[in-house]
Every structure is written in structure tokens, then in C-alpha cells.
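First comes the structure, then the notes that go with it.
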Amino acid sequence: MRFAIFSDIHGNLPALEAAAADIAGRRFDAVYCLGDLVGYAAFPNEVTEWMRTSGIPTIMGNYDDGVGFERDDCGCAYRDPEERARGDRSLAWTKAHVSGDNKAYLRSLHKEIRFEADGRRVLLVHGSPRKMNEYLFEDRAISSFQRLAASSNADIIVFGHTHKPYTKVVDDVLFVNVGAVGKPKDGDWRACYAVLDTAQSRCEFVRVEYDLKKVTDAIRATDLPEEFAIDLERGGSPPAPVQSHV
């Protein structure tokens with residue numbers, strides 16, 4: 001069986017619409033979303049309402065939890081005080097702009113989804129099987145993946161949260177990070193989603209172009225930090241270092 005799985009839209013409606021159109025043009029047995037519908041970009045209500053009407057089974061991401069439950073923290077990890085300050089502005093702005101009905105929907109999302117296909121047990125989560133805001137980066141110690149492989153009762157574990165797609169097989173368990181539809185961090189600005197083939201126990205990633213200017217213009221038209229627009233334009237890559245000449 002073949003499944004389309006995507007994650008981390010983060011208020012980027014043009015990216016969601018483009019990825020969804022691409023998915024609709026292919027043949028899948030089911031489609032799933034791993035959460036983080038809101039935050040950082042200017043269309044949190046529109047994205048949430050699109051998901052509400054889509055009928056796509058959706059996991060609760062840490063940002064959905066933070067906005068839906070009106071928390072003071074989104075459960076995100078920031079590298080420095082300036083990044084944290086921008087993140088706090090994003091959370092406050094998003095909580096102020098998301099409607100009550102949409103917050104109720106965010107609170108209703110799944111903690112995890114399990115199913116069996118082609119004899120393989122599949123587990124869908126946002127961050128990790130242990131915690132919705134745990135970052136499973138590809139270069140994490142192998143022992144961490146081994147513990148998850150042994151304890152998760154799954155043959156395939158699919159997640160997002162880091163915004164960087166990859167696959168890894170550890171102790172016969174396939175780990176899949178589906179990347180991000182709306183806020184990539186691997187240097188490719190395009191929307192990313194995963195195609196999981198359970199019969200072959202393998203995964204491929206699909207990249208979809210979208211109207212980037214529409215979302216960056218919308219961010220710049222709000223009082224959200226401009227850095228969020230620049231980040232999308234760079235695909236999440238840091239700026240190139242300034243070369244000094246002696």
C-alpha cells in the first residue's frame with residue numbers, strides 16, 4: 001500500500017495547497033498529516049480550516065498544542081535568545097489570531113496514529129514516540145534509535161518536527177522523517193511530503209513548488225518578524241558567512 005504523509009505546515013497556506021494538489025494528482029491508499037498546522041506564517045486560520053474540511057487524519061504537533069491550549073510556550077527548541085524572542089512573538093501572534101473554533105479543532109487532534117499495512121505495523125507521531133516535541137535528528141546517537149525501535153511496537157515509525165527529511169533503518173525498524181510542507185530547514189524552499197510504500201518498506205520524498213512570494217508578502221504585511229519570510233526564501237538555511245579579505 002502507498003501512503004502520502006506530510007507535516008509542519010506552519011501557517012503556510014500556498015505550500016499546503018500546492019502539496020495537496022500534487023497528492024490529489026497521484027493514487028494513494030490514504031493520506032495523513034503529522035501536525036504543526038500553525039505558527040510562523042500568516043495563514044493559521046486558513047490552514048486549520050483547510051485541514052478541518054479535508055478529513056485527513058492529523059496528529060497534534062507541539063505548536064498545535066501550544067495554540068490550542070493557550071500555553072505560554074510552544075515546546076520549541078531555540079538556539080539563542082534572539083531566536084527565542086522571535087518564537088515568542090510568533091506564538092503570541094498566532095494565539096491572538098486563531099479563532100476559538102480552530103483552537104478547539106487543534107485540541108482535538110490525535111496524539112498518535114497506528115495502523116497495519118502489508119503486515120507491517122506503522123506508527124505516526126509528530127516528534128517521537130516518546131514526546132511530541134522531541135527532535136529525532138538524523139545524526140542522533142544510534143542508541144536512541146535502538147531504544148525507540150525496541151519499545152515502540154512498530155515496524156515503521158513516521159514523524160516530522162525537525163523539518164529535515166530522511167530515512168534510517170535501525171534494528172529492522174524503518175524511521176521516516178517526512179520533512180516540512182511549509183517551513184523547510186534543509187535548504188530547499190519547496191514543500192516536501194513523503195510517499196511511504198509499506199509493501200516495499202521504503203519511502204521517497206516529493207518536492208513541490210508553490211507561490212513563495214504570496215506567503216512571504218503576507219508575513220511582511222503583519223507584525224510577525226521579517227526573519228520568518230527570509231527563512232522561507234532560504235529554505236531554512238543560515239545566511240552564507242561574510243568573506244573577509246586581508
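The values are calculated or read from the model by the stated rules, or taken from the named source; none is laboratory data. Everything quoted here is computed from the prediction, not taken from an experiment. Heads up, the Cβs are rebuilt from the backbone with ideal geometry, glycines too, and the neighbour counts pull from every protein chain shown. Each accessible area value is taken on the protein alone, full model and side chains, heavy atoms only, with ligands, DNA and RNA left out. Shrake-Rupley method; radii C 1.70, N 1.55, O 1.52, S 1.80 Å.
Any idea which residue in segment 1-24 is surrounded by the most Cβ atoms within 10 Å (Cβ to Cβ), counting only those that are over 18 Å from K185 (Cβ atoms) and acidic (D, E)?
If we take residues in segment 1-24 being over 18 Å from K185 (Cβ atoms) and acidic (D, E), then E17 is surrounded by the most Cβ atoms within 10 Å (Cβ to Cβ).
Within segment 42-84, track down each residue that is modelled with pLDDT under 95 and of a type outside the set (D, E, K, R).
The answer is C74, G75, C76, A77, Y78, P81.
Given the conditions (1) open to solvent by less than 10 Å² (accessible area, probe 1.4 Å); (2) not in a helix (DSSP H, G or I); (3) not polar (S, T, N, Q), report the number of the one that Y135 does not fulfil.
Only one criterion in (1) open to solvent by less than 10 Å² (accessible area, probe 1.4 Å); (2) not in a helix (DSSP H, G or I); (3) not polar (S, T, N, Q) is unmet by Y135, namely (1).
Run down E209, E226, E204 and say which single residue is among the charged types (D, E, K, R) and under 13 Å from A19 (Cα atoms).
Criteria check complete, one pass: E209.
Restricting attention to segment 47-56, does a residue exist that is closer than 16 Å to H126 by Cα and over 14 Å from the mean Cα position of the chain (by Cα)?
yes
Where in segment 163-210 are there strands (runs of 3 or more DSSP E), lying fully within it, with 2 or more residues that are touching a Leu at 6+ places or on another chain (Cβ under 9 Å) and either aromatic (F, W, Y) or under 18 Å from D231 (Cα atoms) (or both)?
Strands (runs of 3 or more DSSP E) meeting the threshold: none at all.
Rundown of residues vs (1) open to solvent by less than 30 Å² (accessible area, probe 1.4 Å); (2) farther than 26 Å from Y135 by Cα, yes/no style:
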position	(1), (2)
R190	no, no
V195	yes, no
R202	no, no
R220	no, yes
A229	yes, no
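Does at least one position in segment 7-16 carry a residue that is β-branched (V, I, T), touching a strand residue (DSSP E or B) at 6+ places or on another chain (Cβ under 9 Å) and farther than 17 Å from L224 by Cα?
No, the conditions are met nowhere in segment 7-16.
Hey, among the residues in segment 1-43 that are within 27 Å of P129 (Cα to Cα) and among the aromatic types (F, W, Y), which one's farthest from the chain's Cα centre (by Cα)?
Per the criteria, the residue is F28.
Which residue pairs have Cβ atoms under 7 Å apart, sit 6 or more places apart or on different chains, and have a first residue in segment 208-234 that is free of Cβ contacts under 8 Å to residues at least 24 places away in the same chain and a second that is in a helix (DSSP H, G or I) and among the charged types (D, E, K, R)?
T216/E233; E226/R220; A229/R220
Take the residues in segment 231-240 that are modelled with pLDDT of 95 or more and not in a helix (DSSP H, G or I); name whichever of them is least open to solvent (accessible area, probe 1.4 Å).
G235
Would it be correct to say that G100 is of a type in the set (G, A, S), surrounded by fewer than 19 Cβ atoms within 10 Å (Cβ to Cβ), farther than 24 Å from T222 by Cβ and modelled with pLDDT of 95 or more?
No: the conditions fail for G100.
Residue by residue through segment 116-132, note down the ones that are open to solvent by 20 Å² or more (accessible area, probe 1.4 Å) and either part of a loop (DSSP other than H, G, I, E, B) or touching a Pro at 6+ places or on another chain (Cβ under 7 Å) (or both).
D118, G119, P129, R130, K131, M132
Give the residue that is farthest from A18 (Cα to Cα), with candidates limited to residues of segment 52-67 that are free of Cβ contacts under 8 Å to residues at least 40 places away in the same chain and surrounded by 18 or more Cβ atoms within 10 Å (Cβ to Cβ).
G66
Taking helices (runs of 4 or more DSSP H) that do not extend beyond segment 1-115, which have at least 2 residues that are of a type in the set (S, T, Y) and within 28 Å of E233 (Cα to Cα)?
44-54, 81-97
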